[in-house]
Amino acid sequence: MCIPILKYSLSTQNQRVNSFEYLAGEEQPKIYTTENLPSAYEMDEIIWAAYRQIFSEHQILFNTRQIFLESQLRFNQITIKDFIKGLLMSDVFRFLNYDVNNNYRFVELCMQRALGRDVYNEREKLAFSVVIASKGLEFFIDLILNSEEYSINFGDNIVPYQRRRIIAQRNKGEVPFNLKTPRLDQNFMDKRNLPQSQSMWSGAVRRFRPQEQKPKAGDPALFLNMVNNISFM
């Protein structure tokens, strides 16, 4: 029996915003697409934009590249949507994002990078965490990429980008998703008992004592010992 996905409400104002606000002087997101038969240079930009969106700028390394997928995309054998799925299902993406986080944090990362928005609430995060636990990663990725939300905003030929507005919160230090470092959250730290291991190491350091050495002639310690032993009347 297939377990239906948990229902969750839209408890944020961002779901009412179709895209960025169009204000004078504000930089708008650039749309990278293959609909207009891009040149070789434009294809390089499209591929770079896909890596930057899915892996974030902090995770783009030499071993992050998927050469075979790039070749297929260049020769129109796959769509951008297929390329995005290949990046999300790659071993390096799993190693950098799934293996070092719990399911809740991984859902948050995938929503930000594949759908271009943050999770609506904890209920949505829990709902998709159950999907990962019961159906696996590939089912979860397909569920996102085949969703109506992804099809309406990106379709088959547009690289995902950050859709939610950040103008109102820019003064509070809000930054785009692809500039955020996917660090370990507190749940993962507690699961791996990292604070406990650190305290054990600290205890080991405190138990260490250097070899005692007697002060030699001319050592300031002799003078300090003499002063401490003087009793004042």
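The values are calculated or read from the model by the stated rules, or taken from the named source; none is laboratory data. Everything quoted here is computed from the prediction, not taken from an experiment. With ideal geometry, Cβ positions are generated from the backbone for all residues, glycine too; neighbour counts draw on all protein chains shown.
Consider the range 73-116 and keep the residues that are free of Cβ contacts under 8 Å to residues at least 40 places away in the same chain and within 11 Å of the chain's Cα centre (by Cα). The one that is surrounded by the fewest Cβ atoms within 10 Å (Cβ to Cβ) is Y98.
In this structure, is E26 modelled with pLDDT under 70 and either in contact with a Ser or Thr (Cβ under 7 Å, 6 or more places away or on another chain) or not in a helix (DSSP H, G or I) (or both)? Answer is yes for this residue.
Screening the range 32-116 for helices (runs of 4 or more DSSP H) wholly inside it with 3 or more residues that are of a type in the set (A, V, I, L, M, F, W, C) and at pLDDT 95 or above returns the ranges 80-88.
Anything in the range 118-142 that is part of a helix (DSSP H, G or I), under 21 Å from I54 (Cα atoms) and in contact (Cβ under 8 Å) with a residue 60 or more places away in the chain? List them, or say none. Those that are part of a helix (DSSP H, G or I), under 21 Å from I54 (Cα atoms) and in contact (Cβ under 8 Å) with a residue 60 or more places away in the chain: E124, F128, V131. In the range 43-72, the residue that is surrounded by the most Cβ atoms within 10 Å (Cβ to Cβ) out of those that are hydrophobic (A, V, I, L, M, F, W, C) and closer than 24 Å to F139 by Cβ is I54.
Taking the criterion of being surrounded by 14 or more Cβ atoms within 10 Å (Cβ to Cβ), closer than 15 Å to Q53 by Cβ and at pLDDT 95 or above, would at least one residue in the range 164-171 satisfy it? Among the residues of the range 164-171, not one is surrounded by 14 or more Cβ atoms within 10 Å (Cβ to Cβ), closer than 15 Å to Q53 by Cβ and at pLDDT 95 or above, which makes the answer no.
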